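Novice: If you scroll down you'll find the structure; I have some questions about it.
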Amino acid sequence: MEVFRLVRQKYSYELSGAGSAMNGARWNSKGVEMIYTSINRSLAMAEVLVHFTAATLPDDFVIMTINIPDEIDKQVFNTVNLPDNWNRFPLNPETQLIGDKFISENKYCLLKVPSVVVKGEFNILINPKHKDFKKIQITNTEKFQFDNRLF
C-alpha cells in the first residue's frame, strides 16, 4: 500500500511521530507518538490546508510517498465504530483515547480512520513503536506546490 504525507521539508527525512506528540492531535494525546498519513495526495493536501490561510501557508512543503507492505496488519475504524461527534471541531477527546489505546496496546502497526476533512476518505495512522514499523519505507519525497486557486 502506498500512503502520502505532506510536511514541511525539515520534517521529511524520517518518520518518527515526534511532531504529533508535541501537541497531540485528533487521534493522539500530547506525548503519544503517531504518524499521520493519507490514502492519496489530495487528502494529504486537504488535511494540511484546513490549518492555514493563504497568508500563513509556508512555501516549503514536500509530499512524501511511503510504502507500507501489504502484510502489515491494520485496525480499522469506520464511522459506525466511533463515538458521536467524533468529527467535531474542536476535536472530541474520545478520539484521542482511541488512538492512545491503539498505540499503548501495540497490537497493530496501522490504524485506518475516516477523514474529518473529506467524508468518505481515510487516513492511515502509523505506530512508530510497533515491531513492523521498520518495514515501512519512504520511497519518494518531492517539493509540493499549492495551487493559488485553492485560496
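Novice: When you go through (1) touching a residue at least 40 places away in the same chain (Cβ under 8 Å); (2) surrounded by 13 or more Cβ atoms within 10 Å (Cβ to Cβ) one by one for residue 130, which number turns out not to apply?
Specialist: Going through the list (1) touching a residue at least 40 places away in the same chain (Cβ under 8 Å); (2) surrounded by 13 or more Cβ atoms within 10 Å (Cβ to Cβ), residue 130 breaks only (1).
Novice: Say whether the condition of being surrounded by fewer than 18 Cβ atoms within 10 Å (Cβ to Cβ) and of a type in the set (Phe, Trp, Tyr) is met by at least one residue in region 89-96.
Specialist: Yes - at least one qualifying residue is present in region 89-96.
Novice: Turning to a different aspect of this structure: Going through region 1-16 one residue at a time, which ones are in contact with a helix residue (DSSP H, G or I) (Cβ under 9 Å, 6 or more places away or on another chain) and at pLDDT 95 or above?
Specialist: Listed by number, the residues that qualify are 3, 4, 5, 6, 7, 15.
Let's see how each residue does on (1) at pLDDT 95 or above; (2) surrounded by 12 or more Cβ atoms within 10 Å (Cβ to Cβ); (3) out of contact with any Cys (no Cβ under 8 Å at 6 or more places or on another chain); (4) not hydrophobic (A, V, I, L, M, F, W, C):
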{"site": "23", "(1), (2), (3), (4)": "no, no, yes, yes"}
{"site": "32", "(1), (2), (3), (4)": "yes, yes, yes, no"}
{"site": "36", "(1), (2), (3), (4)": "yes, yes, yes, yes"}
{"site": "45", "(1), (2), (3), (4)": "yes, yes, yes, no"}
{"site": "53", "(1), (2), (3), (4)": "no, no, yes, yes"}
{"site": "64", "(1), (2), (3), (4)": "yes, yes, yes, no"}
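Novice: Which is at pLDDT 95 or above and more than 16 Å from the chain's Cα centre (by Cα), of 127, 106? Give the steps one after another, and end with the answer.
Specialist: On the way: 127 fails: more than 16 Å from the chain's Cα centre (by Cα).
After applying the criteria, what remains is 106.
Novice: Under 9 Å by Cβ, and 6 or more places apart or on different chains, what pairs join a residue from region 85-100 that is farther than 22 Å from residue 129 by Cα with one that is assigned to a helix (DSSP H, G or I)?
Specialist: The qualifying pairs are 85/94; 86/79; 86/94; 86/95; 86/98; 87/79; 87/95.
Novice: Here is a follow-up. I'm checking my understanding of the structure. Among residues of region 1-58 that are within 14 Å of the chain's Cα centre (by Cα) and of a type in the set (Val, Ile, Thr), which one is farthest from residue 115 (Cα to Cα)?
Specialist: For region 1-58, the residue satisfying everything is 32.
Novice: Counting only residues that are in a helix (DSSP H, G or I) and small (Gly, Ala, Ser), which one in region 12-26 is farthest from residue 143 (Cα to Cα)? It would help to see each step written out before you state the result.
Specialist: Step one: of region 12-26, the residues in a helix (DSSP H, G or I) are 18-23.
Now drop any that are not small (Gly, Ala, Ser), which leaves 18-21.
Values: 18: 22, 19: 20, 20: 22, 21: 25 Å.
Within region 12-26, the match that is farthest from residue 143 (Cα to Cα) is 21.
Novice: Right, something else. Could you say whether any residue in region 43-63 is touching a strand residue (DSSP E or B) at 6+ places or on another chain (Cβ under 8 Å) and of a type in the set (Ser, Thr, Tyr)?
Specialist: Taking every residue of region 43-63 in turn, none turns out to be touching a strand residue (DSSP E or B) at 6+ places or on another chain (Cβ under 8 Å) and of a type in the set (Ser, Thr, Tyr).
Novice: Oh, and also: Scan 80, 113, 117 and give me the residue that is of a type in the set (Val, Ile, Thr) and modelled with pLDDT under 95. Can you show your working first?
Specialist: Values: 113 fails: modelled with pLDDT under 95; 117 fails: modelled with pLDDT under 95.
Answer to the check: 80.
Novice: Select from region 64-84 the residues that are β-branched (Val, Ile, Thr) and in contact (Cβ under 8 Å) with a residue 40 or more places away in the chain and list them in ascending order.
Specialist: Correct list: 65, 66, 68, 72.
The values are calculated or read from the model by the stated rules, or taken from the named source; none is laboratory data. Since we're looking at a predicted model, the values are computed, not measured. Every residue, glycine among them, receives a Cβ derived from its backbone with ideal geometry; neighbour counts consider all protein chains shown.
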